[in-house]
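Below is one structure, written out as structure tokens; the observations come after it.
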Amino acid sequence: MTTFGALSDLRVVDLTQMLAGPYATMMLADHGAEVIKVESPEGDMVRPVGPYRENDAKKELGGYFQSINRNKRSVCLDLKKPEGRAALLKLVANADVVVESFRVGVMERLGLSYEVLREVNPRLVYAALRGFGDKRTGASPYCDWPAFDVVAQAMGGIMATTGPNAATPLKIGPGVGDIVPGAMLAFGILAAVHHARRTGEGQFVDIAMVDAILSVCERMVYQHSVQGIVPGPEGNHHPFLVPFGVYPAADGFVSIGAQPQPFFESLCKALGADDILSDPRYGDAEIRNRHRPELIEELSRRTAAFTKAELTARLGGKIPFGPVMNIADIVGDPHFAAREMIVSVDQPGADPVQIAGVPVKMTITPGGVHRRAPLLGEDTLTRLQEAGLSDAEISDLLDKRAAIVTEK
């Protein structure tokens, strides 16, 4: 087990790959869980993706893999071979959690279904993440469909309410169709572990990617129910709060959330817009909402006269405000340095690389990025020994290529 973090007594066998599942287990590993990433001889599909620095001759760890697999250990097993499956069962016997993100039926065909693993370890929390969930908790007609981030964004509703205008749905830049389900999977795992430790009873935890995206689109659900409308892309402003959105600056854009009357008054005064403040069309929040397009246009004309730095000096700390920042801005900003949100990890064959830090801060058991992502099979030998396999059993696994060891 690890020696840091609130989850230092949690052991996780991680069969996930790509982004969604590994993001969930990354969250657990960042807070001290021992995450044993079990990979096939080919490795996680994102291992060869990159990106790599030009002078990285080894190309053993790409930026994508480094970012979401830090703090983990890699065991390489071929689960298509009986010896590999037997070794996995040894790991499962001493684990608190198994996490997988295969398509429906894969684990059953391998003989490693939840029901099989539960016999090995009755307290086991078995967590699955797929596009449309698992029949054990609700049989979707789409359960056999494969899905990636863009599919979850499209079918979960978030794309339909994002875009520059009503005619143009837009994919959100970051992979929220993976990351949001991954974060919810981490929460579900911890809730189930809490129950298992209280009762001795494990269970199946099921996350459908499209369900997770729908849950963060909660506003459109009640809008449709209460108002009978079908919300579409909303551009850069809120559908019924104003000012609440993105406004132009002379050198970029800023965000402003000043719909409460005290904030609205502060905003107008800071912009020298007493005429807006005294205009009866904008007298209170309810009236302002009825004149949203006019107010947005008026305020945009005022903010565009100032640079982002000038607007920050006028508005920062006085109302909910922030400049629209890119990654170059972020890495040079004192907030992200103080919060340790840009961290460096070792990169074999090249200089260290930077990845995003840990957003959940704790005073007694702080999480952190303590170790680079593992090489494929880097920890196979150690973890199989800890699981109780003899030297002879491990040698047999290696001879049959049912397990692979990579030297550090």
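The values are calculated or read from the model by the stated rules, or taken from the named source; none is laboratory data. Everything numeric here is computed off the predicted structure, so don't read it as measured data. Positions of Cβ are generated from backbone atoms using ideal geometry, with glycine treated the same way; all protein chains shown enter the neighbour counts. Accessible surface is based on the protein model in full, side chains and every heavy atom, while ligands, DNA and RNA are left aside. Shrake-Rupley method; radii C 1.70, N 1.55, O 1.52, S 1.80 Å.
When peptides 372-384, 83-95 are ranked by their average number of other Cβ atoms within 10 Å per residue, the highest-first order is 372-384, 83-95.
Looking at the chain, what % of its DSSP beta bridges pair antiparallel, to the nearest 5? In the chain, approximately 45 percent of DSSP beta bridges are antiparallel ones. Ligands, DNA and RNA left out, the 1.4 Å accessible surface of the chain is 57% carbon and sulfur atoms. Per residue, the accessible area of the chain comes to 48 Å² when a 1.4 Å probe rolls over the protein heavy atoms.
Using the Cα gyration tensor of region 69-135, with a ≥ b ≥ c the square roots of its eigenvalues, what is the shape: rounded (a/c below 1.5), prolate (a/b larger than b/c) or oblate (neither)?
Since a/c stays below 1.5, the shape of region 69-135 is classed as rounded.
For region 1-93, just say rounded, prolate or oblate: build the C-alpha gyration tensor, square-root its eigenvalues into a ≥ b ≥ c, call rounded for a/c under 1.5, and beyond that prolate if a/b exceeds b/c, oblate if not. Oblate, because a/c is 1.5 or more while a/b does not exceed b/c.
Taken over the alpha carbons of region 156-221 as equal point scatterers, the Debye sum produces base-10 log I(q)/I(0) values at 0.16, 0.20, 0.26 Å⁻¹ of -0.62, -0.81, -1.08. With a cut-off of 18 Å on the backbone N, the residues of region 156-180 near the modelled label site 7 Å out from Asp329 along Cα-Cβ are 173-174.
Straight-distance candidates among the lysines for linking to Lys80, with alpha-carbon spacing under 22 Å and chain neighbours fewer than 8 residues away dropped: Lys37, Lys90, Lys400. Just name one of Gly367, Val193, Leu19: the one whose Cα is farthest towards the positive end of the charge dipole of the chain (beta-carbon charges, Lys/Arg +1, Asp/Glu -1). Going by the charge dipole, the pick is Val193. For the listed peptides 6-14, 141-149, 38-46, a ranking on the average number of other beta carbons within 10 Å per residue, highest first, reads 6-14, 38-46, 141-149. For region 296-402, averaging the sequence separation of C-alpha pairs within contact (under 8 Å, six or more residues apart) and dividing by the residue count gives a relative contact order of 12 percent.
So for region 293-408, taking the charge dipole from beta-carbon charges (+1 Lys/Arg, -1 Asp/Glu), which of Gly377, Pro348, Ile296 sits furthest toward the positive end? Comparing the listed Cα positions along the dipole, Ile296 ranks first.
The charge dipole of region 188-314, taken about the Cα centre with unit charges on the Cβ atoms of Lys, Arg (+1) and Asp, Glu (-1), comes to about 220 debye, rounded to the nearest 20. Dipole magnitude for region 179-253: computed about the Cα centre from +1 point charges on Lys and Arg Cβ and -1 point charges on Asp and Glu Cβ, it is near 220 debye. When the chain is treated as a GNM with alpha-carbon contacts under 10 Å, the residue of Gly32, Gly228, Gly177 showing the greatest mean-square fluctuation is Gly228.
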